[in-house]
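The values are calculated or read from the model by the stated rules, or taken from the named source; none is laboratory data. Predicted model only: the values in this text are computed from it and were never measured. Methodologically, a virtual Cβ is constructed for each residue, glycine included, from the backbone with ideal geometry; neighbour enumeration extends over all protein chains shown.
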Amino acid sequence: MIPAAFDYTRVGSVDEAVQALGQHGEDAKVLAGGHSLIPLLRLRLAFPSVLVDVGRVDEMRGVRDDGDHLVIGAATTHDEVMHDDLVRQHCPVISDVVSQVGDPQVRHRGTFGGGIAHGDPAGDLPALALALDATFVIAGSGGRRDVAASDFFVDYLQTVLGAEDVLVEIKVPKLGSDWGHNYQKFNRVAQAWAIVGSLALVRRSDGSIDEARIGLTHMGSVPLRASATEQALAGASTDVIADACDQAAEGTSPPEDLNARADYRQHLARVLTRRAVEHALGG
Amino acid sequence: MPRISVTVDGVTYEDDVEPRLLLVYYLRERLGLTGTNVGCDTSNCGACTVLFNGRSAKSCTILAAQADGAEVTTIQGLARNGEWHPLQKAFNAEHGLQCGYCTPGMIMASVDLLEHNDDPTDEEVRHGLEGNLCRCTGYQNIVKAVRAAAGEVREGATS
């Protein structure tokens with residue numbers, strides 16, 4: 001399958017990228033690793049007239065320490081993120097979830113920011129970013145702005161990123177050692193997208209749960225938090241886990257496809273959330 | 001049209017490429033390196049796997065334009081002085097193939113795997129090759145071949 005014709009320009013900085021996007025407007029797309037975009041081009045589901053390649057923009061690569069946060073460059077590959085020492089030390093949940101994205105070849109080329117900017121609710125990273133309360137730094141013609149993960153995902157494959165915007169970096173909070181985590185990804189074969197995924201981040205203290213954050217993958221047109229479960233778990237003893245996780249699908253309208261009907265997805269969300277919370281607590 | 005300079009199996013090429021040209025078609029049709037196969041063309045099967053700047057990558061999901069300045073190794077660049085790479089020998093000896101279509105990609109993905117883990121368990125091999133599909137389902141002997149090659153690579157490193 002051959003993509004429709006387009007022009008290609010490689011930029012050396014974020015400013016150049018914004019400028020190039022400004023010139024070409026709606027018809028331009030940002031290319032980083034290309035592992036979300038190139039499959040769409042080949043299937044001719046996307047028809048940009050210009051690709052702006054940010055894959056070699058140094059300021060968009062790597063992970064740096066920023067006090068109580070880590071800052072991950074959007075064009076850092078999955079493989080670089082999952083093996084990064086800062087990530088492993090301060091936010092090991094990221095390493096764990098990223099290690100389940102695609103397969104090794106995909107992780108060598110695909111980028112952390114690309115997996116988020118693509119906005120696919122079946123992808124693993126949107127729910128991760130949402131559960132972490134990550135902040136996205138976006139560069140556009142009006143300068144840079146911060147957008148909370150909870151405001152970023154608009155609809156299926158749609159985010160707040162405008163035609164002239166570039167996702168530059170992702171800020172994530174460092175998590176102390178009192179946080180446990182677990183991601184339950186349910187799929188039929190190793191490299192497939194999640195039919196449903198549930199990510200649990202749980203802060204423990206002496207037999208009870210201080211705080212829980214649950215991110216759901218592929219349970220709607222955007223990634224979701226299992227808010228009812230989070231509220232039921234906050235400050236509760238571990239005895240309530242099963243009841244709390246029974247509320248994991250509350251308020252969701254999951255998609256239907258060949259793999260699962262909506263009610264089956266809701267069932268999976270409840271079961272996977274319980275497993276994720278139990279594993280996150282070390283059970 | 002972007003002009004690229006790319007080193008493939010040790011030879012540097014300079015070419016003008018159409019932006020939409022995928023690396024795998026550049027390798028096969030422009031350079032005639034047909035050892036790298038196109039399987040699914042949907043980033044799933046891994047038949048087109050090459051080493052891209054030393055790491056395994058699916059050449060159907062890379063634009064030739066992105067390969068400017070890159071070093072690419074295909075299955076045809078693995079042998080040294082006419083002698084097969086330990087993985088090529090092991091896939092032969094252990095019968096790690098049936099129809100052989102996935103083999104170039106399996107071997108290139110395994111080169112990367114062994115470079116980062118020279119003594120993988122069966123499970124680590126299976127996990128490490130999850131980006132490569134064998135539709136003959138000949139996985140058992142593929143795993144045996146990779147582990148056999150790992151032994152040879154380790155011996156080669158110590159001798």
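Residues that are surrounded by 21 or more Cβ atoms within 10 Å (Cβ to Cβ) and either at positive phi or of a type in the set (S, T, N, Q) (or both) within segment B:69-78 comprise just one, B:74. Pairs linking a residue in segment B:59-86 that is of a type in the set (Lys, Arg) to a residue that is surrounded by fewer than 19 Cβ atoms within 10 Å (Cβ to Cβ), with Cβ atoms under 7 Å and 6 or more positions apart or on different chains, do not occur. Determine whether residue B:154 is away from chain A (no Cβ under 14 Å) and more than 15 Å from the chain's Cα centre (by Cα). Here the answer is yes, as residue B:154 does meet what is asked. Scanning segment A:36-56 for residues that are within 9 Å of chain B (Cβ to nearest Cβ), over 20 Å from residue A:14 (Cα atoms) and in a loop (DSSP other than H, G, I, E, B) turns up just one, A:43. Once segment A:21-35 is narrowed to residues that are in contact with a Ser or Thr (Cβ under 6 Å, 6 or more places away or on another chain) and more than 9 Å from every other protein chain (Cβ to nearest Cβ), the residue that is surrounded by the most Cβ atoms within 10 Å (Cβ to Cβ) is A:32. When segment B:39-68 is filtered for residues that are at the interface with chain A (Cβ under 7 Å from one of its Cβ atoms), in a loop (DSSP other than H, G, I, E, B) and crowded, with 24+ Cβ neighbours inside 10 Å, the ones remaining, listed by number, are B:43, B:46, B:62.
Cβ-Cβ distances below 9 Å connect the following pairs, each with a first residue in segment A:83-106 that is more than 14 Å from residue A:183 (Cα to Cα) and more than 14 Å from chain B (Cβ to nearest Cβ), a second residue that is of a type in the set (Val, Ile, Thr) and in a helix (DSSP H, G or I), and a separation of six or more residues or different chains: A:84/A:94; A:87/A:81; A:87/A:94; A:87/A:98; A:88/A:94. Restricting B:81, B:53 to those that are at pLDDT 95 or above, among the polar types (S, T, N, Q) and on the phi > 0 side of the Ramachandran plot reduces the list to B:53.
This table checks each residue for (1) touching a strand residue (DSSP E or B) at 6+ places or on another chain (Cβ under 6 Å); (2) farther than 22 Å from residue A:282 by Cβ; (3) in a strand (DSSP E or B); (4) in the same structural domain as residue A:105 (by TED's automatic domain parsing).
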residue: A:147; (1), (2), (3), (4): yes, yes, yes, yes
residue: A:185; (1), (2), (3), (4): yes, no, yes, no
residue: A:188; (1), (2), (3), (4): no, yes, no, no
residue: A:197; (1), (2), (3), (4): yes, no, yes, no
residue: A:214; (1), (2), (3), (4): yes, no, yes, no
residue: A:220; (1), (2), (3), (4): no, yes, no, no
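One line per residue, one yes/no per condition, for (1) part of a loop (DSSP other than H, G, I, E, B); (2) closer than 19 Å to residue A:212 by Cβ:
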| position | (1), (2) |
| --- | --- |
| A:239 | no, yes |
| A:249 | yes, yes |
| A:256 | yes, no |
| A:260 | yes, no |
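Note on segment A:250-272: residues that are among the hydrophobic types (A, V, I, L, M, F, W, C) and within 20 Å of the chain's Cα centre (by Cα) total 3. Restricting segment B:1-29 to residues that are more than 13 Å from every other protein chain (Cβ to nearest Cβ) and among the hydrophobic types (A, V, I, L, M, F, W, C) leaves a set whose member that is nearest to residue B:77 (Cα to Cα) is B:8. Inspect segment A:8-15 for any residue being more than 10 Å from chain B (Cβ to nearest Cβ), without any contact (Cβ under 8 Å) to a residue 60 or more places away in the chain and crowded, with 18+ Cβ neighbours inside 10 Å and give the result as yes or no. Looking for residues that are more than 10 Å from chain B (Cβ to nearest Cβ), without any contact (Cβ under 8 Å) to a residue 60 or more places away in the chain and crowded, with 18+ Cβ neighbours inside 10 Å, one finds at least one in segment A:8-15, hence yes.
Against the conditions (1) in contact with a Cys (Cβ under 7 Å, 6 or more places away or on another chain); (2) closer than 18 Å to residue A:100 by Cα, residue B:99 satisfies every one except (2). Could you please let me know if residue B:113 is out of contact with any Leu (no Cβ under 8 Å at 6 or more places or on another chain), within 11 Å of chain A (Cβ to nearest Cβ) and surrounded by 14 or more Cβ atoms within 10 Å (Cβ to Cβ)? The answer is no for residue B:113.
Kindly indicate whether residue A:98 is more than 13 Å from the chain's Cα centre (by Cα), among the β-branched types (Val, Ile, Thr) and not assigned by TED's automatic domain parsing to the domain that holds residue A:23. Against the criterion (more than 13 Å from the chain's Cα centre (by Cα), among the β-branched types (Val, Ile, Thr) and not assigned by TED's automatic domain parsing to the domain that holds residue A:23), residue A:98 does not qualify.
Restricting attention to segment A:231-255, the residues being out of contact with any Gly (no Cβ under 8 Å at 6 or more places or on another chain) and either in the same structural domain as residue A:131 (by TED's automatic domain parsing) or more than 17 Å from residue A:203 (Cβ to Cβ) (or both) number 9.
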